[in-house]
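One structure is given below, encoded as structure tokens.
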Amino acid sequence: MAPIPEHIIDRIRESVNIVDLISRYVSLRKRGRNFIGLCPFHQEKTPSFTVNPEKQIFHCFGCGQGGNAFRFLMQHEKLSFVDAVKRLSEETGIEIPVSEAVKQQISDKERLLKANEMAMRYFQSSLHSAPPEVTKYLSNRGVNAEMVKTFNIGYAPEGWDGLQKQVERSKIPASLFKTLGLLLESEKSKRPYDRFRHRLMFPIHNTSGKVVGFGGRAFTDDKKTPKYINSPESPVYQKSRILYGLFSARDAIRENEYVIFVEGYMDVIQLYQAGIRQVVATSGTALTESHASLIRRYANKVKMCYDADQAGVKAAMRGGEILFQHGVEVEVLILPPGEDPDSFVKKNGKDAFLEALKNAKDYMAFRLDLMRKKYDLQTANGRSAAVAEIGEVLSVMQDNVRMDFFVEKSAQALQIPQTLLMNQIRERRKMAERRANFVNEPEMPFPPDEGAAPKRSAPLVFSGAWGGEKDVLLLLIQFFADIYDYVFSHLSADDFLNAEFRKLFLMLSELPADTEKNILHLVLDNIENEELRALLLREMEHTNREFSKPALYLQGCIKQIKIAYYQQKFEMAQLRIKGMKPDHADFATTINEMTAAKIEQKKWAAVVIREEE
């Protein structure tokens, strides 16, 4: 969907009382100027969840969740930004204008979803007349009629034109089914034919329960025919953003506060049939960063249950690393050789499976076990390679408490000093900072497009005068009109060494001094990184940043930022000149850059902060 006009977003937000909204979900009581209650996003006995009616924001000091009314609905109801705005627009009666182009775009997607729905009904109907081997397969796998109905399992008949003829009879344009990959086109005759033939069909649903694609299992002994094939990607199906079974598992995930990741469709179905319903699988692709972002909307704990073969172990290692680096608590259970979740639960039952899950190892313990097998830790080369590998995993962690814990455990397991591993992590973080400083990041779009792939929350690895950069943003949030001229005449976005702060500063710099926008909510709506949002909210609420002398404090922040900026310019030029010979064409220019940077740095260091008369 195209961006909703900003003035409409502002009107909707200003029409909502955040205390009334959150009170529907949380029992709040007044404390001073704010309201407090038990956080709905994590388990706690002592209230740490605060709602500020004056600023119209909420913040939990326990888990860090926070934002405005839109953000609360996004987190609690698992909605996109656009859907949260739509929900509140309906409640407030403020209409969202929709252009003809957007209506056409929505209409196109709806037609594709209806085409998928028709194909699913056709496959379901075909299952009733499927060959004996299909019903025998379902029987042998122990899939009962209730699961066939729950997961809408169907059958694609043999032959090349079963679905194609059904499409002709339905009068639905064949072009829709070609876009979805359900029909292919013959190179010779140019006639459409069925992609899925003589296959058991597993519809794939999005989080709204709409059918977006299919997976098909073959009934053939032909080794050239792939056992499983999936729908290709389409305007309604992006594999990296879909988890099979999530629509059915959502309530169970919330109830159990964790999700089980398995490898296949039948694994999901068998566990669900056994009464273990908090289970999902990836859909024809490896686990991705988008999957990690998606699952974090539902749970912060994942238990990965994979086969013991090489492919299963590798999938657990790679997928677990992505989840782990996203701040998800990850445990890994590798089943006995020859077993998968499907066969294990059929053979041993629900209770035995849940008992086995209790023995799952936390991700780092699992990873360290693999490293002991992979490297000879009694040799210098083996130990060095292990330290490099574990350093790469830990260097992007955002929670320093968790990182310190895993550093200690990893150092013990690898029989190395903790300082050695910490040095490796610091070096990797410095490398990440240098790379980030060379990247000219584009400005974040506003508001986020519903169809855009969710971005990973990058680790908050700050450099330079990050405290000064942060406080300049906090000062702008509180005193925008009063300090506008002074700030933007002394600072530019290039002065900010930290990309997250730089993007926000650039956005604010493009506003007029007399803007009527609510600066606080504008900033909150434009923060993608959850850790950064939590940091700013904590600064505004927990430490109650009421700057007694904002003009004086602002001068100090600008001084810090400028000194750090010129220091970095000096260091970058110093790095470039290291391997440069005196006769190099850029040698003199680089020396001049270093000299100029050092002069400017000294000038700013000598600036005396004075309170304005």
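Tabulated data
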| read-out | value |
| --- | --- |
| Residue in the stretch 273-287 that is part of a helix (DSSP H, G or I), modelled with pLDDT of 90 or more and among the aliphatic types (A, V, I, L, M) present | no |
| Failed item in (1) touching a residue at least 12 places away in the same chain (Cβ under 8 Å); (2) over 20 Å from Leu421 (Cα atoms); (3) of a type in the set (D, E, K, R), with Arg383 passing the rest | (2) |
| Matching option when the condition is farther than 30 Å from Ile242 by Cα, open to solvent by 10 Å² or more (accessible area, probe 1.4 Å) and at pLDDT below 90, among Leu511, Leu536 | Leu511 |
| Qualifying residue in the stretch 317-325 (condition: of a type in the set (D, E, K, R) and farther than 23 Å from Ser395 by Cα) | no |
| Any hit, the stretch 542-563, residues being among the charged types (D, E, K, R), crowded, with 19+ Cβ neighbours inside 10 Å and at pLDDT below 85 | no |
| Hits in the stretch 36-60 - residues which are in a strand (DSSP E or B) and either in contact with a Gly (Cβ under 8 Å, 6 or more places away or on another chain) or among the basic types (Lys, Arg) (or both) | Phe49, Val51, Ile57, Phe58, His59, Cys60 |
| Only listed residue being open to solvent by 30 Å² or more (accessible area, probe 1.4 Å) and at pLDDT 95 or above, chosen from Arg191, Arg195 | Arg195 |
| Unmet criterion (only one of (1) part of a helix (DSSP H, G or I); (2) modelled with pLDDT of 95 or more; (3) closer than 19 Å to Ile269 by Cα; (4) not small (Gly, Ala, Ser)) for Met201 | (1) |
| Top-ranked residue in the stretch 215-248 [being out of contact with any strand residue (DSSP E or B) (no Cβ under 6 Å at 6 or more places or on another chain), hydroxyl-bearing (Ser, Thr, Tyr) and open to solvent by less than 50 Å² (accessible area, probe 1.4 Å); ranked as modelled with the lowest pLDDT] | Ser240 |
| Residue list for the stretch 491-507, filter: outside any helix (DSSP H, G or I) and under 13 Å from Gly468 (Cβ atoms) | Leu491, Phe496, Leu497, Asn498 |
| Top-ranked residue of the stretch 61-95 - restricted to ones that are outside any helix (DSSP H, G or I) and closer than 22 Å to Arg250 by Cβ, ranked as most open to solvent (accessible area, probe 1.4 Å) | Cys63 |
| Residue match in the stretch 202-214 (condition: over 30 Å from Gln273 (Cβ atoms) and either loosely packed, with under 14 Cβ neighbours inside 10 Å or under 33 Å from the mean Cα position of the chain (by Cα) (or both)) | no |
| Subset of the stretch 574-599 (residues that are of a type in the set (A, V, I, L, M), part of a helix (DSSP H, G or I) and open to solvent by less than 80 Å² (accessible area, probe 1.4 Å)) | Ile577, Ala588, Ile591, Met594, Ala596, Ala597 |
| Residue that is nearest to Met364 (Cα to Cα) [pool: residues in the stretch 291-324 that are within 11 Å of the chain's Cα centre (by Cα) and open to solvent by 20 Å² or more (accessible area, probe 1.4 Å)] | Ile322 |
| Which numbered condition Ala356 fails, given (1) modelled with pLDDT under 80; (2) touching a strand residue (DSSP E or B) at 6+ places or on another chain (Cβ under 8 Å) | (1) |
| Qualifying position, being modelled with pLDDT under 80, over 28 Å from the mean Cα position of the chain (by Cα) and not in a helix (DSSP H, G or I), among Glu528, Glu516 | Glu516 |
| Pick from the stretch 167-188, criterion more than 11 Å from Ala115 (Cβ to Cβ) and open to solvent by 40 Å² or more (accessible area, probe 1.4 Å), ranking: modelled with the lowest pLDDT | Lys171 |
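The values are calculated or read from the model by the stated rules, or taken from the named source; none is laboratory data. Fair warning: this is a prediction, and the values are worked out from it, not measured in the lab. Neighbour counts run over all protein chains shown; Cβ positions are idealised from the backbone, glycine included. Accessible surface areas use protein heavy atoms only, side chains included; no ligands, DNA or RNA. Shrake-Rupley method; radii C 1.70, N 1.55, O 1.52, S 1.80 Å.
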